[in-house]
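The values are calculated or read from the model by the stated rules, or taken from the named source; none is laboratory data. The structure displayed is predicted, hence computed values, not measured ones. Quick reminder, even Gly has a Cβ in these numbers, built from the backbone with ideal geometry, and neighbours come from all protein chains shown. To get the accessible areas, we keep the full protein, side chains included, count just its heavy atoms, and leave off ligands, DNA and RNA. Shrake-Rupley method; radii C 1.70, N 1.55, O 1.52, S 1.80 Å.
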Amino acid sequence: VITKKLVQLNGHLCRQLCSQTLGLIAAHTVVCREHFTPELALRLITPECSLFYARPGESSSFSELPFSDPFWGFYWPGGQALARHLLDNPGRVRGRRVIDVGCGCGAAGIAALMAGAASVIFNDIDQVALEATRLNLSINQLDHADGAIAATGQRVQFVSDDLIGQWPPLCTANEQPQVMLIGDLFYSEEAAARLADWALKAAAGGRPRGSAAAEVLVGDPGRYYFRLAAERANLRLLARYCLPSEFMYEAGPGTGAVGVYATMPKAADTNGARPELGTID
């Protein structure tokens, strides 16, 4: 009886915290379609939001802000290109099981659902990002309950564990992902190395024996650590998109060009070619 009451109490506290978090997200973001995938309405931190201008060390009130490092509040360029690619090429995910790693605002996974994916696992170690993703699903009429989109029956799952290195991910039981989406995660040497090795493992099938391979799709504007990891992960260019400067959150020469890449098993890469399916301006 005591255990049952504790479970009920924890469930109530969890729902209360989630409700509070959703309220804070709504209060500090705006619904935005001014990005490279206007089909998606997303709650983002834009110049209209006071949180957009907050910087560590620049304000005595920074520690009092509702979120620390709200990366989920920005639609980073790799994610924009990746989502655009899925919306324009729905056959890459239609009817397939997808995992959106480091999902942030959930845009790439939401694009996969719109393109007809059978299921999407939204994965981010930041629990607030997962709540923001839930909110963005609802904004885009992808209301979900009991792990499924009400209108279509497509399945959704939210996972806050660090899954990098696991293939197949432990959370997927017998239905491992067939497509892995990675956008804008090559931000450090350590992260790039872990992701490169994991992507290769997924693309090759990995262990346990009989574990199927997955198609790994990566969106990145050409960050330094991404370039170092690209050869290690055997990444090959699929498409290059030129984002308008107002859709970019990173300054620097050449940052308007954003690539979408796929990891190929080493054995399949016989001539070192880098196929490019198209350049879209």
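Of the strands (runs of 3 or more DSSP E) entirely within segment 1-113, those holding at least 2 residues that are at pLDDT 85 or above and either open to solvent by 10 Å² or more (accessible area, probe 1.4 Å) or farther than 18 Å from Leu243 by Cβ (or both) occupy 30-32, 97-101. Restricting attention to segment 167-196, the residues being of a type in the set (Phe, Trp, Tyr) and within 17 Å of the chain's Cα centre (by Cα) number 2. Flag: Gly147 matches the condition of being at pLDDT below 95 and open to solvent by less than 50 Å² (accessible area, probe 1.4 Å).
One line per residue, one yes/no per condition, for (1) at pLDDT 90 or above; (2) in contact with a Lys or Arg (Cβ under 9 Å, 6 or more places away or on another chain):
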site: Val179; (1), (2): yes, yes
site: Leu185; (1), (2): yes, no
site: Ala191; (1), (2): yes, no
site: Ala202; (1), (2): yes, no
site: Pro208; (1), (2): no, no
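Considered as a group, the residues in segment 130-166 that are hydroxyl-bearing (Ser, Thr, Tyr) and in a loop (DSSP other than H, G, I, E, B) include one that is nearest to the chain's Cα centre (by Cα), and that residue is Ser160. Residue count for segment 162-202 under the criterion of being aromatic (Phe, Trp, Tyr) and either surrounded by fewer than 22 Cβ atoms within 10 Å (Cβ to Cβ) or not assigned by the TED database to the domain that holds Ala118 (or both): the result is 1. On the stretch given as segment 150-172, residues that are of a type in the set (Ser, Thr, Tyr) and modelled with pLDDT under 90 total 1. So, of the residues in segment 114-129 that are of a type in the set (A, V, I, L, M) and under 16 Å from Phe74 (Cβ atoms), which turns out to be least open to solvent (accessible area, probe 1.4 Å)? Here the answer is Ala129.
Against the conditions (1) modelled with pLDDT of 95 or more; (2) surrounded by fewer than 18 Cβ atoms within 10 Å (Cβ to Cβ), Tyr249 satisfies every one except (1). Examine segment 131-140 for a residue that is touching a helix residue (DSSP H, G or I) at 6+ places or on another chain (Cβ under 6 Å) and either within 25 Å of Ala202 (Cα to Cα) or modelled with pLDDT under 90 (or both), and state whether such a residue exists. No: segment 131-140 contains no residue that is touching a helix residue (DSSP H, G or I) at 6+ places or on another chain (Cβ under 6 Å) and either within 25 Å of Ala202 (Cα to Cα) or modelled with pLDDT under 90 (or both). Filtered by the rule that a residue be in contact (Cβ under 8 Å) with a residue 60 or more places away in the chain and under 16 Å from Ala112 (Cα atoms), segment 138-175 gives Ile139, Asn140. Just so you know, in segment 114-129 the residues that are assigned to a loop (DSSP other than H, G, I, E, B) and of a type in the set (A, V, I, L, M) include one that is nearest to Arg223 (Cα to Cα), and it is Ile125.
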